[in-house]
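Here's the structure we're looking at; comments come further down.
Read the figures in this text as sums done on the coordinates, not as results from a lab. Because the structure is predicted, anything quoted here is derived from the model rather than measured. Counting neighbours? That spans all protein chains shown, and the Cβs are built from the backbone with ideal geometry, glycine included.
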Amino acid sequence: MPPVSHWIGRLFSMLADQTVMAEFDPEKFEDKYANYFPQLQRAYKNAFNTMNDSYDSTLIHAIDQQVLNESEPFYNADREGFDIALPDDPYDRLDGVVVDRETFEETLDRYTDEIETELRRTFRFTE
């Protein structure tokens, strides 16, 4: 069981989420970094925390710093959700971590799913 400090941190994170939620406007999302930067930061941070709690932290940190640092979220109107565009050859970007390609790709897929979930939550697409 995680220590009490873990749960306190999650509680504060949940409370902070309430301050960064925003009404979503697809047109404003085209200039997302000017209009929604705090919300994007919060969604990525929440996804990182979730993944770091469940997966190898060295791999999660490497994905965060070496792959997702070059990613970009896009609003997908057809499915009323978000997609994460990744840089070319994400596996080849890894440095300082030993992981087979299949594990990396499964973890990266799960991570991008988590980011998309957090974006939907942040922009009140889900409750």
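Couple of notes before you dig in:
- Using θ = phi - 60° and Karplus 6.51 cos²θ - 1.76 cosθ + 1.60, couplings along the range 103-118 (whole Hz; Gly, Pro as x): 4, 4, 5, 5, 5, 4, 4, 5, 5, 5, 4, 5, 4, 4, 4, 5
- Beyond 18 Å, the tail of the calculated P(r) for the range 42-125 holds 39 percent of the Cα pairs.
- The range 88-127: C-alpha gyration tensor shape, a/c 1.5 cut-off, then a/b vs b/c: prolate
- Amide H contacts of Gly81 (H built 1.01 Å from N, in plane; Pro and chain starts excluded): Asn76 sit under 5 Å, all sequence-distant by 5 or more or on other chains.
- Between Asp31 and Asn69, the modelled label-to-label distance comes to 2.8 nm, taking each label 7 Å out from Cα in the direction of the beta carbon.
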